[in-house]
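Colleague: First the structure, then my questions, so here it is.
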Amino acid sequence: MRVVSSFETAFGGTPEGVWHAPGRVNLIGEHTDYNDGLVLPFAVPWGVSAAVARRSDDRVRVVSAQAGGGPVEEVAGWAAYPIGVALTMRKAGLPVGGADIAIDGDIPRGAGLSSSAALEVSVALALNDLYDLGQSPMELALLGQRAENEVVGMPCGIMDQAASALSEEGHVLLLDCRSLGSRTIPFDLPSQGLELVIIDTGVHHELADGQYARRRADCESAAAKLGVEALRDVTDLAAALSGLSGDERKRTQHVVTENHRVEAVVGLLRAGAVAEIGALLNASHLSLRDQFEVSCAELDVAVESAVRGGARGARMTGGGFGGSAIALVAADRADTMRRTVAEAYEAKGWQPPVFRTATPSAGARRLS
Ligand code: GLA
């Protein structure tokens with residue numbers, strides 16, 4: 001394993017083990033996690049591996065095959081994620097000593113498939129095992145989220161870390177972001193003659209992080225005006241909308257309807273009617289584009305051309321402003337769809353999108 005040789009080169013000696021955590025795509029339930037709502041992500045076949053050994057002192061040193069260079073101890077740049085996890089665990093009162101950590105990953109960069117959550121969860125799981133911390137997968141996900149919120153400074157919700165920590169092969173993960181209760185639901189596309197294609201736009205608009213925080217703030221102020229703890233609690237949407245205006249009104253419209261779409265998708269999956277979820281994927285995209293306003297031209301063209309090319313449904317996935325869209329398509333139409341999307345990008349003069357098949361994969365685990 002390359003991560004083991006990079007550990008040996010950087011630190012000398014051999015790691016005590018190797019842990020792996022995957023990235024994710026979200027089938028539906030976007031920008032609902034920090035509104036105490038429902039999400040339905042699953043792990044992808046790509047992820048981050050961490051080769052780790054304990055140290056007798058308190059230092060935490062990290063190297064990464066992707067970043068290159070020698071061991072880093074500063075809490076800055078990419079190293080803020082793994083070192084931030086160790087520091088957050090200590091802050092939570094967990095007895096975490098020093099560690100040497102080598103990282104290697106194969107999540108396509110900038111594709112919006114949550115490489116940061118994978119990095120956090122792989123390190124959290126490694127330290128949990130090596131220092132015998134007894135934390136559950138959900139507790140490790142929460143520690144990863146806390147590191148990202150407090151050390152990295154990105155006010156993300158719990159979806160990405162939970163998907164990385166808890167997913168099961170061949171399933172989607174239904175997570176209630178208030179109770180943190182979760183269950184897996186079978187998601188077998190090949191048996192239905194279907195394929196879920198990830199369309200990586202290759203773009204990442206720099207406004208993403210600032211806009212994310214603003215959307216979160218819009219949702220919180222809307223909930224405060226409505227006198228509810230979170231937008232999850234809105235039951236009478238018409239009444240709620242009549243008490244709001246502008247951005248708060250639009251954000252509320254999205255979050256409340258998106259939670260209903262997650263429930264509808266879950267119902268259809270349970271009924272074995274997978275192809276029928278397409279219409280809900282389309283509706284989710286329109287709501288993210290027009291009400292939540294987190295899409296961008298590259299995502300809109302990906303979605304529109306995928307549907308024109310024969311997809312049952314398509315939507316942006318993840319935070320937005322670039323990254324990837326997903327398209328559900330009959331396997332025998334997938335090539336035509338990919339061609340239609342590629343042609344639409346070419347007509348715009350954009351760099352070609354990258355297509356990958358999303359296979360629901362296993363969550364974080366020890367490899368050796
Ligand atoms: C990012 C965040 C998640 C979630 C999504 C939007 O991926 O990290 O917590 O809010 O955006 O659904």
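Colleague: For every helix of n ≥ 4 consecutive DSSP H residues, a contribution of -39,500 (n - 2.57) applies; sum these over the chain, divide by its total residues, and give [θ] at 222 nm rounded to the nearest 500 deg cm²/dmol. All intermediate terms of the calculation are to be shown ahead of the outcome.
Modeller: Working: 11 runs with 147 residues, N = 368.
Per the formula, -12500 deg cm²/dmol.
Colleague: What is the magnitude of the charge dipole of the chain about its Cα centre, with +1 placed on the Cβ of each Lys and Arg, -1 on the Cβ of each Asp and Glu, and no other charges, expressed in debye to the nearest 20? Walk me through the numbers on the way to the answer.
Modeller: Working: 33 positive and 46 negative charges, 44 e Å.
Result for the chain is approximately 200 debye, rounded to the nearest 20.
Colleague: Given a cut-off of 15 Å, what percent of all Cα-Cα pairs of region 260-344 lie beyond it? Walk me through the intermediate numbers first.
Modeller: Values: 1992 of 3570 pairs.
Result: 56 percent of Cα pairs exceed 15 Å.
Colleague: Work out the FRET efficiency for LEU286 and GLU220 from their Cβ-Cβ distance, taking R0 = 22 Å, and round it to the nearest 0.05. Can you show the working numbers first?
Modeller: Values: r = 24 Å, r/R0 = 1.09.
Working from the Cβ atoms, E equals 0.40.
Colleague: Further question: Using +1 at the Cβ of each Lys and Arg and -1 at the Cβ of each Asp and Glu in the chain, identify which of VAL341, PRO352, VAL234 lies farthest towards the dipole's positive end.
Modeller: VAL341
Colleague: A follow-up question, please. Could you order peptides 251-261, 353-363, 177-187, 315-325 by the average number of other Cβ atoms within 10 Å of their residues, highest first? Walk me through the intermediate numbers first.
Modeller: On the way: 251-261: 22.5, 353-363: 19.1, 177-187: 15.6, 315-325: 26.4.
So the peptides 251-261, 353-363, 177-187, 315-325, ranked by packing, come out 315-325, 251-261, 353-363, 177-187.
Colleague: Taking just the alpha carbons, could you work out the radius of gyration and Dmax for region 109-162, both in angstroms?
Modeller: 11.0, 34
Colleague: On to the next question. With viscosity set to 0.890 mPa s at 25 °C, what whole-number translational diffusion coefficient in µm²/s follows for the chain from Stokes-Einstein and a Kirkwood radius over Cα pairs? Present the calculation step by step, with values, prior to reporting the outcome.
Modeller: Numbers: Rh = 20.9 Å.
It diffuses with D of about 117 µm²/s by this estimate.
Colleague: Here is a further query. Scan region 9-94 for GluC sites (Glu not before Pro) in coil per DSSP, keeping those whose Cβ has at most 16 other Cβ atoms within 10 Å, and list them by number. Write out the running numbers ahead of the final one.
Modeller: Working: sites: GLU16, GLU30, GLU73, GLU74; in loops: GLU16, GLU30, GLU73, GLU74.
Answer in residue order: GLU16, GLU73, GLU74.
Colleague: What percent does the relative contact order of the chain come to when contacts are Cα pairs within less than 8 Å and at least six residues apart? Kindly include the intermediate steps, with their values, before the conclusion.
Modeller: On the way: 826 pairs, mean separation 85.6, N = 368.
Worked out over the chain, it gives 23 percent.
Colleague: Could you give the angle, 0 to 90 degrees to the nearest 10, between helix 246-270's Cα long axis and the longest principal axis of the Cα atoms of the chain?
Modeller: It is inclined by approximately 80 degrees.
Colleague: Just the C-alpha atoms of region 6-134: what Rg/Rh do they give, with Rh taken as the Kirkwood radius?
Modeller: Checking Rg against Rh, the ratio lands at 0.99.
Colleague: Now for a different question. How would region 132-281 be classified by its alpha-carbon gyration tensor: rounded, prolate or oblate, with rounded meaning a/c under 1.5 and the a/b versus b/c comparison settling the rest?
Modeller: oblate
Colleague: Which GluC sites (Glu not before Pro) does region 137-212 hold that lie in a coil by DSSP with at most 16 other beta carbons within 10 Å?
Modeller: On the way: sites: GLU139, GLU148, GLU150, GLU168, GLU169, GLU195, GLU206; in loops: GLU168, GLU169, GLU206.
Taking region 137-212 and a limit of 16 other Cβ atoms within 10 Å, the loop GluC sites (Glu not before Pro) found are GLU169, GLU206.
Colleague: Are there trypsin sites (Lys or Arg not before Pro) in region 39-141 that DSSP marks as loop and that have at most 15 other Cβ atoms within 10 Å, and which are they?
Modeller: On the way: sites: ARG54, ARG55, ARG59, ARG61, ARG90, LYS91, ARG109; in loops: ARG59, ARG109.
Passing both the DSSP loop test and the Cβ count: ARG59, ARG109.
Colleague: Average the reciprocal distances over every distinct pair of alpha-carbons in region 226-368, invert the result, and give the Kirkwood radius in Å. Walk me through the numbers before you get to the answer.
Modeller: Details: mean 1/r = 0.0594 Å⁻¹.
Radius from the Kirkwood sum: 16.8 Å.
Colleague: Shifting gears a bit: Looking only at region 127-163, which residues have a backbone nitrogen under 11 Å from a spot 7 Å from the Cα of ASP209 in the C-beta direction?
Modeller: 152-155
Colleague: Shifting gears a bit: Quote the charge dipole size of region 1-128 about the Cα centre in Debye, to the nearest 20; the model charges only the Cβ of Lys and Arg (+1) and of Asp and Glu (-1). Mind dumping the intermediate values first?
Modeller: Numbers: 9 positive and 13 negative charges, 27 e Å.
In total the dipole reaches around 140 debye.
Colleague: Between VAL354 and ALA297, what FRET efficiency comes out of the Förster formula 1/(1 + (r/R0)^6) with R0 = 25 Å and r the beta carbon distance, rounded to 0.05? Don't skip to the end; give the middle numbers.
Modeller: Numbers: r = 17 Å, r/R0 = 0.70.
The calculated FRET efficiency here is 0.90.
The numbers here are math on the coordinates, done by the rules we state, and not lab data. The shown structure was predicted, so the numbers you read here are calculated from the model rather than taken from an experiment. Note that we place each Cβ from the backbone using ideal geometry, even for glycine, and neighbour counts take in every protein chain shown.
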